[in-house]
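These notes are about the structure you will find just below.
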Amino acid sequence: MPSNPTLHKRKLGQIRFTAGGRESLELDKNGVLLRLFLRLRYTVTNGATGPVGPLFQTLARLINRVEILAGGRDMVQSVPGYFLAERAFLENKGIPALGMGATVVTTNSAVTSYDICLPVDFTLPLGRREDDCALDTSSLSQLSVIVTWGKTDASDLFTTPNSAAISNVSLDVEGHYIANPMRAANGQPVSGRTGKPYLVRQLDYTEVDISASNTAFATILDSRTGLLVTSFLMVQLADNVGSDAVVNSLRMEAASFVYALQDAQFIRAANVRDLELVGGANHTGVLYLDPRLDGSVINAINTAELQGDLKAIMDVTKTGTNCKLAIQREAIRPLIL
């Protein structure tokens, strides 16, 4: 093995597809894990009448949820496929994950094969020091990736599938590790930039129903968990299709301190500028809230110091029959052993 820290990329195996089921793969534990890539392949056979209404981030929706479980007890990440795809888009200057730019075919009786690669990142792609976070596997007895699958009737992909069917599903997993990482005097792997132990990037999410229009709709973003919150990714969904008509304005506050007081259009404008989205390519329905300045964790929200729950209070308009907000929280913390 080389004496210096070395980036090592290798295929880790496959995750079996079980329609509507939950399957897992045990991952290698010999290095510092930076990210996984999930290569998802499947075929959609449309019925005599093609499907209608592709849903938000359609091609990633066959993966209902990806979970990363460390040591059998620490749920490091719990993310729907559509959030994986949207994060990849925003964290790569508006360039879709490989294969996600493919046209969703709705032609009658068409047979289409899709091949996409979604990153599951344990670093901080939008952080000033990306490798503040990674997953140190040296002390873990167990590290699993768990996938909850969608159905084969394409109901996870379209508003109205019209007898479309999904087949030939496969999911390959690749891992990117630092082999022989830098180590502290006690032997613990540490970041080559900071000399400090790696922190965990936690990603989780919640879905909030919008049952009626409301000028002061409130939802709790964090209940003083002690996490250091780095961003929130919010998707406005009208019947699971992205919509910019749900959130009109937003105030993010904890007790008497207000972190943000913005119209939704200004949030979108800031996203295009701050994330350097190519051609102003902001996806419909997406609002990205980041309290950091230039990616520095110094400006992140330390929820342990809050005087009250961190809330979003919004002027919302119910749009469609089933209207909801999907909110993903990104935070950093130590690994729970």
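The values are calculated or read from the model by the stated rules, or taken from the named source; none is laboratory data. No experiment lies behind these values; they were computed from the predicted model shown. Please note: Cβ atoms are built from the backbone with ideal geometry, for glycine as well, and neighbour counts cover all protein chains shown.
Taking the criterion of being touching a residue at least 24 places away in the same chain (Cβ under 8 Å), among the aliphatic types (A, V, I, L, M) and more than 20 Å from V258 (Cβ to Cβ), the residues of region 187-226 that qualify are L199, V200, L203, V208, I210, A212. For G226, the requirement of being assigned to a loop (DSSP other than H, G, I, E, B), on the phi > 0 side of the Ramachandran plot and modelled with pLDDT under 95 is not met. So is R87 within 30 Å of P189 (Cβ to Cβ), crowded, with 24+ Cβ neighbours inside 10 Å, in contact (Cβ under 8 Å) with a residue 12 or more places away in the chain and of a type outside the set (A, V, I, L, M) or not? Criteria met by R87.
Filtering region 51-69 to residues that are in a strand (DSSP E or B) and under 20 Å from the mean Cα position of the chain (by Cα) leaves P54, I63, N64, R65, V66, E67, I68, L69.
So, V169, is that one among the hydrophobic types (A, V, I, L, M, F, W, C), surrounded by 15 or more Cβ atoms within 10 Å (Cβ to Cβ) and without any contact (Cβ under 8 Å) to a residue 60 or more places away in the chain or not? Can you show your working first?
Numbers: among the hydrophobic types (A, V, I, L, M, F, W, C): yes; surrounded by 15 or more Cβ atoms within 10 Å (Cβ to Cβ): yes; without any contact (Cβ under 8 Å) to a residue 60 or more places away in the chain: no.
In short, no.
Restricting attention to region 299-330, the residues that are surrounded by fewer than 19 Cβ atoms within 10 Å (Cβ to Cβ), of a type in the set (A, V, I, L, M) and either touching a helix residue (DSSP H, G or I) at 6+ places or on another chain (Cβ under 9 Å) or part of a strand (DSSP E or B) (or both) add up to 1. Take the conditions (1) under 30 Å from V190 (Cα atoms); (2) free of Cβ contacts under 8 Å to residues at least 40 places away in the same chain; A70 misses just one of them, which is (2).
Yes/no matrix, rows are residues, columns are (1) part of a strand (DSSP E or B); (2) among the small types (G, A, S); (3) surrounded by 22 or more Cβ atoms within 10 Å (Cβ to Cβ):
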position	(1), (2), (3)
E23	yes, no, no
D28	no, no, no
V44	yes, no, yes
T49	no, no, no
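Of all the numbered requirements in (1) crowded, with 16+ Cβ neighbours inside 10 Å; (2) out of contact with any Asp or Glu (no Cβ under 8 Å at 6 or more places or on another chain); (3) under 28 Å from R193 (Cα atoms), L34 misses one, and that requirement is (2). For region 172-206, residues that are charged (D, E, K, R) and either farther than 25 Å from Q328 by Cβ or exposed (fewer than 12 other Cβ atoms within 10 Å of the Cβ) (or both) total 3.
Quickly run through region 174-192 and pick out the residues that are of a type outside the set (S, T, N, Q) and in contact with a helix residue (DSSP H, G or I) (Cβ under 8 Å, 6 or more places away or on another chain).
Within region 174-192, the subset of a type outside the set (S, T, N, Q) is 174-179, 181-185, 187, 189-190, 192.
G192, the sole residue that qualifies.
Annotation: V278 fulfils all but one of (1) modelled with pLDDT of 95 or more; (2) under 30 Å from G53 (Cα atoms); the unmet one is (1).
Against the test of being touching a Lys or Arg at 6+ places or on another chain (Cβ under 6 Å), of a type in the set (S, T, N, Q), more than 21 Å from N214 (Cβ to Cβ) and outside the structural domain of G53 (by TED's automatic domain parsing), the options T284, T303 yield a single qualifying residue, T303. Looking at the structure I just gave you, is G31 in contact with a strand residue (DSSP E or B) (Cβ under 9 Å, 6 or more places away or on another chain) and either at positive phi or modelled with pLDDT under 95 (or both)? Yes; evaluated as a whole, the condition is true for this residue.
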